[in-house]
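Here's the structure we're looking at; comments come further down.
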Amino acid sequence: MKLEDMVMVVENRKGTETNFLMDLTDYMGEVLKLWDDDYVVENIAQSVSELYGTKEKKADWSDLYIAANKSIHASFCRSETQLRQFLSGHFNDGEWTFDAERCSKDCLDVLRIYNLKTDGHSLFPYLHHERVEHTFHAGEVLHNMNGNDYRVLAALSPDDLLVMSMADSQLIVGRGVKLYERYPKGERPDDESVVTGIEWDHGVYLGQDITRIDFDILKQEYGKPDKVENVSDLRDKTRRDFWMQKNVEQKEGLPDRVRNAARDCLENTFGTSELEVFDRMLDNGMYDGMYHAREEQKQISGKSR
C-alpha cells in the first residue's frame, strides 16, 4: 500500500474528535454502516466523489454529517508532511485522540515504513539508506526525505538543482543532491517497504518570486562550465555572455554608474551594445575567431607531438 492510497479520517462525536487511517475498502465499509438503507446509494456515491476530489486537490476534506452531533471528515493523504500533521492533530479542533484499533492494518504498515509512530514522531532511528544513481532532469517531481516534494526547474549541474517546493512555491538551489532508497534496517526491501527520495547537503533559498531571479548568475555560480565543441556552441555561449551584461545595462533601479559600466563592457567585448547590431555580427561569424583559433592551436599541438 502506498501513502497516497490511505484515507485520513476524523470522526466528530459531540465535539470530541477521533483520528484514524483506513484503506478505501475499510473506509467505505465504515461509511456504509452510518446510513439508513434508503439513503445508502445516493449518499455513498456523493461521498466517494467528494473523497476523490481530495486526491485531485479539488478540496481539502470531504464532509459527511450524520446527525447534529456526529460527522465524519475524510481525505486521501497527499504527502508525508500532511500525514505527520494529521498524526499530530494539526487538523483537529479541540479535544482529539488517535485510535490505532480502528486503523486498517496496511495503513499501520505504511507508518512503519515511513518511520512514524501514531503521534507523528519517529518510530526508530535505524533506517537503511542506499544511494541510487540517477540523472536529474527538468520537470520531474522529487520527494525529499524530510517529507516535502519539489519540482525540478533546472539541473544546474549533476548534483546542483534549481527546484520549486510543491507546498509553498519556494525556489531553492539544492546543493549536493543525491537520490536514495530508504527502508527499515534488517528487512528485505520490496515495492511496499522502500521509500525513494532525495537528500541534499544544503539549500540556498531564493524566495517565491521567479521574476526576481537572475538565471545567468545562478548558472555561473552553481552550474557546470559550458562545453564549446563547435561553432554553434560558441555562438550560444557568446549570446548568453552578451545578455548577462545587457540585462544589467537595462535593469531599472540600478545606479547609472553600474549600467554605464555594463554598457562599456559590451562595447569593449562585443564592439557594440545594440542588440540588433550584435545579432547581425553574431550571425555573420564576427565572434567565431575564438573557436577557430582554438582549433588551430589543437592542430599545432598535435603536430608537435
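The values are calculated or read from the model by the stated rules, or taken from the named source; none is laboratory data. Bear in mind that the values here come from a model prediction, so they are computed numbers and not experimental data. Because the Cβ atoms are built from the backbone with ideal geometry, glycine has one as well, and the counts that use them run over all protein chains shown. Keep in mind that these areas ignore ligands, DNA and RNA; they rest on the heavy atoms of the full protein, side chains included. Shrake-Rupley method; radii C 1.70, N 1.55, O 1.52, S 1.80 Å.
Probe radius 1.4 Å, ligands and nucleic acids ignored: give me the carbon and sulfur share of the accessible area of the chain as a rounded percent. That fraction is 47 percent.
Beta bridges from DSSP with both residues in the chain: antiparallel share about 90 percent, rounded to the nearest 5. In this structure, the amide hydrogen of residue 128, modeled 1.01 Å from its nitrogen in the peptide plane, lies closer than 5 angstrom to those of 183, 185, counting only residues at least 5 positions away or on a different chain. Recomputing log10 I(q)/I(0) by the Debye sum over Cα atoms at q = 0.07, 0.12 Å⁻¹ from the coordinates shown identifies the correct label among (i) -0.48, -0.91; (ii) -0.27, -0.81; (iii) -0.33, -0.92 as (i). Put simply, when 189-195, 249-255, 115-121, 1-7 are sorted by average Cβ atoms within 10 angstrom per residue, most first, you get 1-7, 115-121, 189-195, 249-255. A probe of 1.4 angstrom, applied to the heavy atoms of all protein chains, finds residue 169 with accessible area near 50 square angstrom.
Determine which residues of the range 188-222 fall in the zone a paramagnetic label at residue 175 would reach in this model, i.e. backbone nitrogen under 12 Å from the point 7 Å along Cα→Cβ. Answer for the range 188-222: 201-205, 221-222.
Rounded to the nearest 500, the 222 nm mean residue ellipticity of the chain from helices alone is -11500 deg cm²/dmol, with -39,500 (n - 2.57) taken per DSSP H run of at least 4 residues. Note on the range 142-249: Lys pairs 8 or more places apart or on different chains, Cα atoms under 20 Å apart, count 8.
For the chain, the solvent-accessible area works out to 59 Å² per residue, with a probe of 1.4 Å and every protein chain left in place.
Kyte-Doolittle cut-off -0.5, length cut-off 18 Å along the helix's own axis using Cα: show which whole DSSP H helices in the chain pass.
In the chain, the long hydrophobic H runs are 40-55.
With the convex hull drawn around the C-alpha atoms of the range 84-224, the volume per residue stands at 136 Å³. Heavy-atom accessible surface of residue 219, to the nearest 10 Å², is about 80 Å², with a 1.4 Å probe and all protein chains retained.
Report the Rg/Rh value for the range 173-247, based on alpha-carbon coordinates and the Kirkwood definition of Rh. Rg/Rh: 1.20.
Once backbone amide H atoms are built at 1.01 Å from N, residue 116 has 123 as its partners under 5 Å, excluding neighbours fewer than 5 places away on the same chain.
The 3J(HN,Hα) values that the Karplus relation (6.51, -1.76, 1.60; θ = phi - 60°) gives for the range 58-73 are, in residue order, 7, 8, 7, 9, 9, 10, 10, 9, 7, 8, 4, 10, 8, 8, 10, 10 Hz. Gly and Pro appear as x. Report, for the range 143-204, the % of DSSP beta bridges that are antiparallel, rounded to 5. Around 95 percent of the beta bridges assigned by DSSP in the range 143-204 are antiparallel ones. Under a 5 Å amide H to amide H cut-off, with H placed in plane at 1.01 Å, what residues pair with residue 167 once short-range neighbours are removed? Hits under the 5 Å cutoff: 149. Here the chain is treated with +1 on each Lys and Arg Cβ and -1 on each Asp and Glu Cβ, and its dipole about the Cα centre works out to around 1220 debye.
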